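Colleague: Take a look at the following structure, please.
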Amino acid sequence: MAGHSKWANIKRQKARVDAVKGKVFTKISREIIVAARQGADPGGNFQLRTAIEKAKAAGIPNENIERAIAKGSGTFSDGSQLESIRYEGYGIGGVAVLIEGLTDNRNRTAADLRSAFTKNGGNLGETGCVSWMFEQKGVVTLAGPIDEEKLLEASVEGEAESYELTPVDDTDGVEVFTVAENLEHLNQVLDDFGFRVVEAELRWIPSNIVEVDDVEKARSLMKLMNALDDLDDVQNVTANFEMSDSCYEMLYGD
């Protein structure tokens, strides 16, 4: 499961900055809208419940959350209709990139994505060109301190596949992986064991990793990832590269 912790941490750092600009508010509100289509009661809708928890953690006001739920459940309409989209492409060096988004205008989104790829040494590909390299998994992120013996017991009971120790918000943490259909169960078990759950999400995990140890190539790839992630219609960006520790320190070290 290596290769995803650095980007996950970078995205969390970006989220704290972006929240000031309102980008996180927009993205999480869209998540709530889509989740609420499956039911407006968070008690019986795990996707909605996790989106609401994420919204509260980001400081989104309750009235904004309630309005997003109303939009998704159909009790309020502003005339726009969001649909889920997935695009695929390549970064510099043949790195595979998978993008998930929500949009009310596919043509606008495709044009924005194509521009982001072109300006950063990549290219937008055809449907299916890279998705075969990824598998969707459920990921529960925990913040430390972590008792590994207790975590192992909880992972077995929660039917986890594996876990990876990783710093979360400047403290010890861990990402616990499971099959997508088991995410809600694993999340509940980890919570019952007393772990501090930071996030529970579905994430695309690459089956093969491209090692990047050239700092300029790493910089170009991160510019692409950030450019894509900054687009309003984009919810999640995943790629199959792993920066070396030296590249990471040069780009993001203190």
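The values are calculated or read from the model by the stated rules, or taken from the named source; none is laboratory data. Values in this document were obtained by computation on a predicted structure and should not be read as measured data. FYI the Cβ positions are ideal-geometry reconstructions off the backbone, even for glycines, and counts take in every protein chain you see. For the accessible areas, the whole protein counts, side chains as well, though only heavy atoms, and no ligand, DNA or RNA atoms are used. Shrake-Rupley method; radii C 1.70, N 1.55, O 1.52, S 1.80 Å.
Colleague: How many Å² of accessible area per residue for the chain, probe 1.4 Å?
Modeller: Values: 12590 Å² over 254 residues.
Per-residue value: 50 Å².
Colleague: Could you please report the charge total around VAL179, scoring K, R as +1 and D, E as -1 over all other residues with beta-carbon less than 11 angstrom from its beta-carbon?
Modeller: Residues near VAL179 contribute -3 overall.
Colleague: Right, next: Could you grab the relative contact order for the chain? Cα pairs under 8 Å, six or more apart, rounded to a whole percent.
Modeller: 21 percent.
Colleague: Based on the Cβ-Cβ distance from ASN107 to GLU159, what FRET efficiency comes out when R0 is 35 Å, to the nearest 0.05?
Modeller: 0.25
Colleague: Oh, and also: Could you go through the stretch 109-116 in sequence order and give the Karplus-derived ³J(HN,Hα) for each residue, using 6.51 cos²θ - 1.76 cosθ + 1.60 with θ = phi - 60°, rounded to whole Hz, and x for Gly and Pro?
Modeller: Computed from phi, the couplings for the stretch 109-116 are 4, 4, 5, 5, 5, 4, 5, 4 Hz.
Colleague: Hey, can you grab everything whose amide H is under 5 Å from the amide H of ASN45? Only 5+ residues off in sequence or another chain; H modelled, so Pro and N-termini drop out.
Modeller: none
Colleague: Quick one: of LYS23/LYS137; LYS71/LYS119; LYS23/LYS119; LYS56/LYS119, which pairs are farther than 27 Å apart, Cα to Cα?
Modeller: As for pairs spanning more than 27 Å Cα to Cα, those are LYS71/LYS119; LYS56/LYS119.
Colleague: Show me 86-98, 125-137 ranked by packing, highest mean number of other Cβ atoms within 10 Å first.
Modeller: Ranking the peptides 86-98, 125-137 by packing returns 86-98, 125-137.
Colleague: Hey, how much of the P(r) for the stretch 40-163 falls beyond 22 Å, as a percent of Cα pairs?
Modeller: Working: 4575 of 7626 pairs.
When every Cα pair of the stretch 40-163 is considered, 60 percent fall beyond 22 Å.
Colleague: If you don't mind, another one. When the Kirkwood hydrodynamic radius is evaluated over all pairs of different C-alpha atoms of the chain, what value in angstrom, to one decimal, is obtained?
Modeller: Details: mean 1/r = 0.0525 Å⁻¹.
When all Cα pairs of the chain are included, the Kirkwood radius is 19.1 Å.
Colleague: Follow-up question, since we're still on this one. Output the pairs from LYS54/LYS223; LYS27/LYS150; LYS27/LYS223 with a Cα-Cα distance over 27 Å in this structure; if there are none, say none.
Modeller: Result: LYS27/LYS150 exceed 27 Å.
Colleague: Please report the antiparallel percentage of DSSP beta bridges with both residues in the chain, rounded to the nearest 5.
Modeller: That works out to approximately 90 percent antiparallel.
Colleague: Shifting gears a bit: To the nearest 500 deg cm²/dmol, what mean residue ellipticity at 222 nm is calculated for the chain from DSSP H runs of n ≥ 4 alone, each contributing -39,500 (n - 2.57), summed and divided by the residues?
Modeller: -14000 deg cm²/dmol
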